[in-house]
1. Would you mind telling me which numbered condition in (1) under 23 Å from Glu150 (Cα atoms); (2) modelled with pLDDT of 75 or more; (3) not hydrophobic (A, V, I, L, M, F, W, C) Ser72 fails?
2. Among what's in segment 321-334 and is open to solvent by 50 Å² or more (accessible area, probe 1.4 Å) and out of contact with any Pro (no Cβ under 8 Å at 6 or more places or on another chain), pick the residue that is farthest from Val155 (Cα to Cα).
3. So, restricting to strands (runs of 3 or more DSSP E) that lie completely within segment 102-216, which ones have at least 2 residues that are open to solvent by less than 20 Å² (accessible area, probe 1.4 Å)?
4. Take segment 281-320 and flag every residue that is touching a residue at least 60 places away in the same chain (Cβ under 8 Å), open to solvent by less than 40 Å² (accessible area, probe 1.4 Å) and of a type in the set (Val, Ile, Thr).
5. What's the number of the condition Gly273 fails, among (1) part of a loop (DSSP other than H, G, I, E, B); (2) open to solvent by less than 50 Å² (accessible area, probe 1.4 Å)?
6. Confirm whether Gly198 is closer than 28 Å to Ala242 by Cβ and under 21 Å from the mean Cα position of the chain (by Cα).
7. Which residue is surrounded by the fewest Cβ atoms within 10 Å (Cβ to Cβ), if the candidates are limited to segment 1-27 and must be at pLDDT 85 or above and outside any loop (DSSP other than H, G, I, E, B)?
8. Would you mind stating whether Arg260 is open to solvent by 40 Å² or more (accessible area, probe 1.4 Å), touching a helix residue (DSSP H, G or I) at 6+ places or on another chain (Cβ under 8 Å) and assigned to a helix (DSSP H, G or I)?
Amino acid sequence: MASRKQTEPSHRVTMKDVARHAGVSQPTVSFVLNDRRDVSIAADTRARVLESAKALNFQPNRAAQSLRSNRSYTVGVIADRLVSQPYAGHIVLGVQQAVQEAGYVCFVVETAQTSDGGTAAVANLVQQGVAGLIYAAPGPEDVTPVSGVEGVPTVFVNCFPPDGAPAVTVLADEFQGGHDVAAAVFAAGHTDVAFLGGPEDDYACRERKRGFDEAAAEAGLRADAVPVRYGTYQVGSGYDLAMEFLADDPPTALVCGNDRMAVGALMAAQSLGLRCPEDVSIVGFDDQPDLADQMHPPLTTVALPHQQMGFDAGTLLLAETHDPGRHLVPCEYVPRSSLATPRDAPAPAPAPAPATDPQEPE
């Protein structure tokens with residue numbers, strides 16, 4: 001008769017196991033693993049406990065810790081139309097990476113298409129206990145915090161509290177991004193440039209235009225000499241605005257408010273028989289996945305740092321202090337082939353032939 005394989009029952013590693021492995025008392029293990037800095041513990045003892053916990057793969061019981069310390073290990077993300085966005089959703093991924101590294105878990109409450117704006121869901125989350133809340137939106141805009149949670153530590157990422165209320169706020173450096181992409185256009189030799197922006201009262205549009213103006217000034221151009229049109233961030237708006245500029249005496253470059261507007265500008269150029277970048281260079285903003293790099297030609301643009309913004313928001317939420325202020329995350333300039341030297345630029349001088357040693361007569 002074949003013997004039946006015996007399996008030992010699973011055993012959850014406890015602080016007592018860690019204490020036995022490290023050769024210290026259980027309270028010492030508790031003080032070390034809970035990072036009690038008010039208790040004096042020798043550095044080598046602390047290191048030995050941490051090494052034992054790692055060797056035994058000790059997993060703390062967060063529920064028990066919460067009961068003992070009255071401290072929550074949960075972070076709530078209040079998202080407004082965020083999870084359905086193709087790239088802004090990376091904010092949640094960044095938050096998760098930051099808080100999970102510190103031993104916290106992240107719960108997301110999507111408030112879009114709820115009759116009460118998510119109030120009941122957020123209230124339920126707070127009642128269960130959270131270490132803090134992070135408000136997030138797909139674009140920099142005002143959001144209205146849920147009432148009744150004023151005492152909970154809060155961070156705003158890619159959005160603002162209403163009426164300019166003081167708060168910890170994490171934003172993309174739209175000004176720096178607007179400056180860098182415009183500076184690249186001017187550095188390529190373009191002086192006949194038009195700016196196609198999103199809504200004129202939009203925060204991102206204003207900051208990108210401000211960066212554009214500074215880059216123009218650095219290139220020796222007056223900002224008021226650059227033609228500007230404002231529209232929406234949609235493909236159709238980019239098409240309509242580009243047609244205004246390209247139909248007659250077109251500029252050599254179009255700086256667009258975002259990638260979707262740049263796609264519309266590309267469509268307008270092609271409908272008029274203009275080639276990009278040979279006849280007109282076109283640049284965007286956002287580096288929208290599955291769009292900017294898939295166009296023909298691929299779009300020169302600026303990448304919004306959504307994941308890093310989320311990570312910074314999570315880190316700031318768990319910090320010891322929560323001083324109000326704006327934290328700007330740099331944007332990355334992404335060069336691609338939709339930007340080139342302007343069509344009427346003088347041809348570069350040929351490179352001098354390399355010097356050769358004179359031949360000795362035979």
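The values are calculated or read from the model by the stated rules, or taken from the named source; none is laboratory data. The shown structure was predicted, so the numbers you read here are calculated from the model rather than taken from an experiment. Cβ: placed from backbone, ideal geometry, glycine included. Neighbour counts: every protein chain shown. Keep in mind that these areas ignore ligands, DNA and RNA; they rest on the heavy atoms of the full protein, side chains included. Shrake-Rupley method; radii C 1.70, N 1.55, O 1.52, S 1.80 Å.
1. Ser72 satisfies all of (1) under 23 Å from Glu150 (Cα atoms); (2) modelled with pLDDT of 75 or more; (3) not hydrophobic (A, V, I, L, M, F, W, C) except (2).
2. Tyr333
3. Ranges flagged: 132-136, 154-157, 168-172, 193-197.
4. Val283, Thr300, Thr301, Val302, listed by residue number.
5. Exception for Gly273: condition (2).
6. Yes, satisfied.
7. Among those that are at pLDDT 85 or above and outside any loop (DSSP other than H, G, I, E, B), it is Arg20.
8. Criteria met by Arg260.
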